[in-house]
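Written below as C-alpha cells is the structure these notes are about.
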Amino acid sequence: MSLKPSSPEVAIVGGGPAGLIAAEVLGRAGLKVTVYDRMPSVGRKLLMAGRGGLNLTHSEEFERFLARYAEAQPRLRPLIEAFRPEDLRAWCEGLGQETFVGSSGRVFPKAFKASPLLRAWLARLENLGIRFALRHRWHGWDEDGHLVFTGPAGQPVRSKPDATILALGGASWPRLGSDGTWVEFLSGRGIAVSPLRPANMGFTLPWSEVMRSRFEGEPLKRIALTFEGRTVKGEAIVTADGIEGGAVYALSAVLRDAIERSGRAILHLDLRPDLSEDALVKRLGAPRKGQSASTFLRKSAGLSPVGIALLREASPSLPSEPDALARLIKAVPLTLTGTKSLDRAISSAGGVPFAELDDHLMLKRMPGVFVAGEMLDWEAPTGGYLLQATFATGLAAARGVLAVLQIPDDALTLNPSSATRHS
Ligand SMILES: Cc1cc2nc3c(=O)[nH]c(=O)nc-3n(C[C@H](O)[C@H](O)[C@H](O)COP(=O)(O)OP(=O)(O)OC[C@H]3O[C@@H](n4cnc5c(N)ncnc54)[C@H](O)[C@@H]3O)c2cc1C
C-alpha cells in the first residue's frame with residue numbers, strides 16, 4: 001500500500017505512552033499529528049504507574065529480557081531490538097530524567113515518580129507542534145471511514161486523517177482512561193480480538209474468618225511461591241479475600257490459565273526460602289521447653305504471626321513431627337479459586353492478535369490503521385517489561401506510518417538533542 005498526501009495528517013487515538021511516543025516520532029518527521037484522548041489529560045496510567053516507583057524497564061541480559069514476553073516474543077523481538085532497554089533509558093535521560101538500576105535490576109528514573117518525566121515530555125511534544133484533542137471519546141468509524149468522537153460538549157467530531165494509530169490501552173484501571181470499549185469497534189470491523197483478561201493481578205482464596213479479620217493487609221516478606229515447577233522469590237500481601245503482590249504477579253499468567261482450565265490452582269508458599277528443609281528439621285527438633293506452638297515456631301523457625309496463621313489455615317492441627325512441620329513451612333498449599341477483577345489488575349492480557357497485523361503493526365483488514373501498546377495481544381510480568389514493549393510498539397507503529405506515507409527514515413532517531421520539528 002502507498003499513500004502520499006502532500007501534507008500528511010495523522011490521528012493518534014489514545015494518549016498513553018504508546019500514543020505519545022508515536023506522536024513524538026511523527027512530530028519530529030514534520031507530520032501534522034493530533035492526539036485524541038477521552039480524558040481531560042493524557043498519560044494518567046503512566047502517572048499511576050509512577051506512584052510506587054516508575055519501573056521503566058529492566059537491566060537484565062537481553063535474551064532473558066525478551067523471554068519475559070513468552071509466546072509474543074517472536075513478534076516483539078524485532079520491535080524491542082529496534083528500541084532496547086538502553087534506548088528507553090537514553091530517551092528518558094534526554095528528557096532530563098536520569099535513571100538508575102535498583103537492586104533487583106529494575107530501572108527507574110531517579111525522581112522515582114512519573115510526573116517530572118511526563119511534564120518534560122509534554123513540553124517537548126508541544127514544541128514539536130503536536131495537537132491534543134482532549135475529552136474526545138472515540139467510537140469507531142462511520143460509513144465513510146471517518147473516525148468518530150464525542151467532543152467535550154457532547155458534540156460529534158469526525159476526522160479522516162491520512163493514517164491512524166490506535167493506542168487505546170487495555171482495560172485495567174478503567175477510571176484512568178483505558179476501558180476496553182474499543183474492542184467492539186474493532187470486532188465490528190471483522191477484526192479478531194482476544195478477550196481482555198486480567199494480568200499481573202491478585203487472586204481470591206477462601207480465607208477463614210480469623211485470617212481475614214486479623215491479617216488483611218499483612219505483608220509476607222522474603223517468601224517464595226511455586227507453581228507448576230516455577231519458583232519466584234519476593235513478597236506478597238494478604239488481602240481480605242486473597243493474595244496479591246510482586247511474587248504473585250510474576251506467576252499470575254500461569255495461575256490464571258490454570259484456574260480457567262480447572263476452577264482452581266494450588267500455589268505453594270515457602271515461608272523460609274533461605275533455609276533448607278534439613279536445617280528447618282534440625283531447628284524444629286529442639287526441645288520446646290513448655291513454649292506454646294506459636295512461640296516455638298516464632299523462635300525456632302523465625303516465622304511471623306501471619307506465617308504461623310498460614311500454617312494453621314493449611315493444617316489446623318499443626319503436625320508435631322519436625323519433618324512434617326518443616327515440609328509444611330517449605331510448601332504451604334494455598335488453593336486459589338479465582339482472579340481479582342480486571343479493574344484492579346496492573347495490566348491486561350488479550351487484545352489485537354499479531355496475526356491481524358503486518359510487520360508495521362498495520363491492520364491487514366484496514367490499511368492505514370495501526371495498533372500499538374497494551375491494545376496488542378501480548379502480556380508480560382511486572383519489572384518494566386510492560387512499558388518497554390509499550391514504547392517499542394508505539395515507535396514501530398509510527399515508523400509504519402512513515403513507511404506507508406513514504407517519508408524518509410532520517411527523522412526517526414529519538415536523539416534527545418534533536419527534539420525539534422523536522423521539515
Ligand atoms: C497501578 C499500575 C502500576 C503500573 N506500574 C508499571 C510499572 O512500574 N512499569 C511498567 O512497565 N508498567 C506499569 N504499569 C503498566 C503500564 O502503565 C501500561 O502497560 C501502559 O500505560 C500502557 O500504555 P498504553 O499507551 O498502551 O495505554 P494507556 O497508558 O492505558 O493509555 C491509553 C489511553 O487511551 C485513552 N483511551 C482509551 N479509550 C479511549 C477512547 N474510547 N477514546 C479516547 N481515548 C481513549 C485513555 O484515556 C488513555 O489515555 C502499571 C499499571 C498500573 C495500573
- Assess whether Ala23 counts as being buried (at least 16 other Cβ atoms within 10 Å of the Cβ) and under 21 Å from Met362 (Cα atoms). yes
Considering only segment 154-174, I want to know if a residue exists there that is in a helix (DSSP H, G or I) and either more than 9 Å from the ligand (Cβ to nearest atom) or in contact (Cβ under 8 Å) with a residue 24 or more places away in the chain (or both).
yes
Might you let me know whether segment 317-326 holds any residue that is free of Cβ contacts under 8 Å to residues at least 12 places away in the same chain and in contact with a helix residue (DSSP H, G or I) (Cβ under 7 Å, 6 or more places away or on another chain)? yes
Taking segment 194-218 and keeping only residues that are of a type outside the set (D, E, K, R), in contact (Cβ under 8 Å) with a residue 60 or more places away in the chain and more than 14 Å from the ligand (Cβ to nearest atom), one is left with Ser194, Pro195, Phe203, Thr204, Leu205, Pro206, Trp207, Ser208, Val210, Met211, Phe215
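In contact with a Leu (Cβ under 8 Å, 6 or more places away or on another chain) and either without any contact (Cβ under 8 Å) to a residue 60 or more places away in the chain or within 15 Å of the ligand (Cβ to nearest atom) (or both): does that describe Thr57?
yes
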Any residue at all in segment 100-119 that is out of contact with any Leu (no Cβ under 7 Å at 6 or more places or on another chain), in a helix (DSSP H, G or I) and touching a residue at least 12 places away in the same chain (Cβ under 8 Å)? yes
* Asked: Within segment 395-402, is even one residue under 16 Å from Leu54 (Cβ atoms) and within 16 Å of the ligand (Cβ to nearest atom)?
  -> no
From the option list Leu31, Leu47, Leu56, single residue qualifying as closer than 24 Å to Ala398 by Cα and either in contact with a Ser or Thr (Cβ under 6 Å, 6 or more places away or on another chain) or surrounded by fewer than 22 Cβ atoms within 10 Å (Cβ to Cβ) (or both) is Leu47
Of those in segment 215-232 that are touching a helix residue (DSSP H, G or I) at 6+ places or on another chain (Cβ under 7 Å) and surrounded by 14 or more Cβ atoms within 10 Å (Cβ to Cβ), the residue nearest to Glu313 (Cα to Cα) is Phe215
How many residues of segment 63-93 are free of Cβ contacts under 8 Å to residues at least 40 places away in the same chain, surrounded by 14 or more Cβ atoms within 10 Å (Cβ to Cβ) and away from the ligand (no atom under 16 Å from the Cβ)? The answer is 2
Pairing a residue in segment 343-362 that is under 18 Å from Val404 (Cβ atoms) with any residue that is of a type in the set (S, T, N, Q) and surrounded by 24 or more Cβ atoms within 10 Å (Cβ to Cβ), where Cβ atoms lie under 7 Å and the two sit 6 or more apart in sequence or on different chains, gives Leu361/Thr393
Considering segment 31-54, residues that are of a type in the set (Lys, Arg) and within 7 Å of the ligand (Cβ to nearest atom), and then whichever is nearest to Ser104 (Cα to Cα), we arrive at Arg51
Leu176: passes all of (1) touching a helix residue (DSSP H, G or I) at 6+ places or on another chain (Cβ under 9 Å); (2) surrounded by 20 or more Cβ atoms within 10 Å (Cβ to Cβ); (3) hydrophobic (A, V, I, L, M, F, W, C) but (2)
Answer yes if at least one residue in segment 20-30 is of a type outside the set (Asp, Glu), within 8 Å of the ligand (Cβ to nearest atom), more than 22 Å from Ala111 (Cα to Cα) and out of contact with any Cys (no Cβ under 7 Å at 6 or more places or on another chain), and no otherwise.
no
Inset, instruction - Would you be able to say whether some residue in segment 94-112 is away from the ligand (no atom under 14 Å from the Cβ) and within 18 Å of Gly19 (Cα to Cα)? - result: yes
Among the residues of segment 191-205, is any over 23 Å from the mean Cα position of the chain (by Cα) and closer than 30 Å to Val332 by Cβ? yes
Taking segment 113-141 and keeping residues more than 21 Å from Ser159 (Cα to Cα) and within 13 Å of the ligand (Cβ to nearest atom) leaves Lys113, Ala114, Leu117, Leu118, Trp121, Leu122
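Throughout, read-outs are computed from the coordinates displayed, never taken from laboratory work. Given the structure is predicted, the values throughout are model-derived calculations rather than measurements. Cβ: placed from backbone, ideal geometry, glycine included. Neighbour counts: every protein chain shown.
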